[in-house]
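Here, each number is a calculation from the coordinates, and none is a lab measurement. As the structure is a prediction and not an experimental result, all values here were calculated from the model. Using ideal geometry, Cβ is built from the backbone for each residue, glycine included, and neighbour counts are taken over all protein chains shown.
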Amino acid sequence: MYDFIKKQDKELFRALEAEEKRQAEGIELIPSENIVSKAVREAMGSCLTNKYSEGYPHARYYGGNEIIDEVEDLARERAKKLFKVPHANVQPYSGSPANFAVYLATCEPGDTIMGQLLTAGGHLTHGWKANATSLFYKAVQYGVKPDGYLDLKEIARLAKKNKPKLIWVGATAYVREFPFKELAKIADSVGAYLAADIAHIAGLVIAGAHKSPVPYAHIVTTTTHKTLRGPRGGMIMVTRKGLAKDPELAAKVDRAIFPYLQGGPHNHTTAGIAVALHEASTPKFRAYGERVVKNAKALAAELMRRKIELVSNGTDNHMMLVKCGAGRGAILEIALDTIGLTTNKNTVPHEPSSPFYPSGIRIGTPSVTTRNMKEREMKLIGGWIAEVTKITKDEELPKEKSERKAYLASFKKRAHADKQLKKLRKQVLTLCKKFPIPDSFV
Ligand code: DSN
């Protein structure tokens, strides 16, 4: 691999080789990450990257796009068929521009919108104060109850009071099934658009391992690289319900992506999305989606058996949130990284610390499931997480904010030198060797 880069760019070649090794010799537990097939990688490295094609199939601003049209049509048709929607746009560069396009298609600047609070598991683009969406729209944020479930009563109250034009359902750190039907009832009662951001669960929806939002939402957005197991990209789909509310909605979404927000589509990514959607249409993918959830439940059960506290005491989907004590998320993330388990620090509902130094870590099973791991391996991984938690139990984030960076840097060094962690690192490596990264999923 990387034969040409190796010949002409030694520095980059070394970096690529090192990352290949890191991925092969580590266990990826970040719930928004996955591993693509060699076929997706081929598409991403194809000649399609050379082409400009502003516009949409059969209506482009550049010549020479007949084949690109075929590729984009393939991706669009596959998306429509798999998600059972009448319209799909496969050009968003990723999830954030896809979501911004939804605002452009449904709202005027200054309109009120509602979305799940970032610190309660929501996404930046659903109106978080540090995101551009809150500059252009009046964002009302909703949260979760102490048990981790969405607070439907509060959402209904806020909707009635604020009359939003658009309501988001979807999150980056929510472990329960999304109540699409109930959210639709609330949105319909105030005449709002309901947009379901299914970036995390798209693959589960296709596999039938999570309810589909399609009968309930007007618009569905997703990234393509999480449980869907495609290249980094995004999609926006308009449902029948969306077209019934506004027959121009599909045209508005397309216009929002181009020419409002983006330029030329990334055609190599479009091809990668087409490959991934083909892979996702197979019975093997259905089994994959079901297995992702089974693995998550097994891992959650093992963690709880070992007295690790989880938000909402479990999971319905591909992820779980470990509560590791006020401000200790970064400590656990570093320690787990040392033994080859990659996770990410994350806020927990009613966060006692801050988004910079949160009190949880987010763990997910999409990637380990792609490597064919099952319950037995989930038990092992759960055991390692519990041991690392025990080993680091006395580590505490300094109260003084100015001391925190230096403390974490020194902790990282100490963690790498720790004998117990070194022993666990060896065990992780042995498991990785038994479960190499597969080339193909069909
Ligand atoms: N960065 C993504 C995640 O990790 O969930 C959300 O955009």
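Data table
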| item | result |
| --- | --- |
| Rg to Rh quotient for the stretch 262-390, alpha carbon positions, Kirkwood Rh | 1.06 |
| Rounded to 5, percent antiparallel among DSSP beta bridges of the chain | 55 |
| Scattering curve values for the stretch 114-175, log₁₀ I(q)/I(0), Debye with Cα scatterers, q = 0.19 Å⁻¹ | -0.63 |
| All lysines inside 19 Å of Lys419 as judged from Cα atoms, apart from same-chain residues fewer than 8 positions distant | Lys390, Lys393 |
| Highest to lowest packing among 161-174, 238-251, scored as the average C-beta count within 10 Å | 161-174, 238-251 |
| Reachable lysines, given that their alpha-carbon falls under 26 Å from the alpha-carbon of Lys10 and they are not under 8 places away in the same chain | Lys21, Lys38 |
| Separation of alpha-carbon centers, the stretch 186-264 and the stretch 348-377, rounded to whole Å | 25 |
| Bridge type composition, the stretch 187-311 - antiparallel percent by DSSP, nearest 5 | 60 |
| Reduced Cα scattering model of the chain, Debye log10 I(q)/I(0), q = 0.11, 0.12, 0.14 Å⁻¹ | -0.89, -1.06, -1.36 |
| Formal net charge of residues neighbouring Asn89 (Cβ-Cβ distance under 9 Å; K, R +1; D, E -1) | 0 |
| Peptides ranked, highest mean first, by Cβ atoms within 10 Å: ranges 229-237, 411-419, 394-402, 121-129 | 229-237, 121-129, 411-419, 394-402 |
| Normalised contact order of the chain, rounded percent, pairs of Cα under 8 Å and 6 or more residues apart | 21 |
| Equivalent ellipsoid semi-axes - Cα gyration tensor, the stretch 1-118, angstrom | 32, 24, 15 |
| Reach of Lys84 by Cα under 18 Å, taken over lysines that are not fewer than 8 positions away in the same chain | Lys181, Lys211, Lys241, Lys245 |
| Anisotropy class of the stretch 92-150 from Cα gyration tensor, a/c 1.5 cut | prolate |
| Shape category assigned to the stretch 255-317 from the gyration tensor of Cα positions, a/c cut at 1.5 | oblate |
| Computed [θ] at 222 nm, deg cm²/dmol, the chain (DSSP H ≥ 4; -39,500 (n - 2.57); rounded to nearest 500) | -14000 deg cm²/dmol |
| Choice from Leu194, Leu299, Leu152 with maximal GNM fluctuation in the chain (Cα, 10 Å cutoff) | Leu152 |
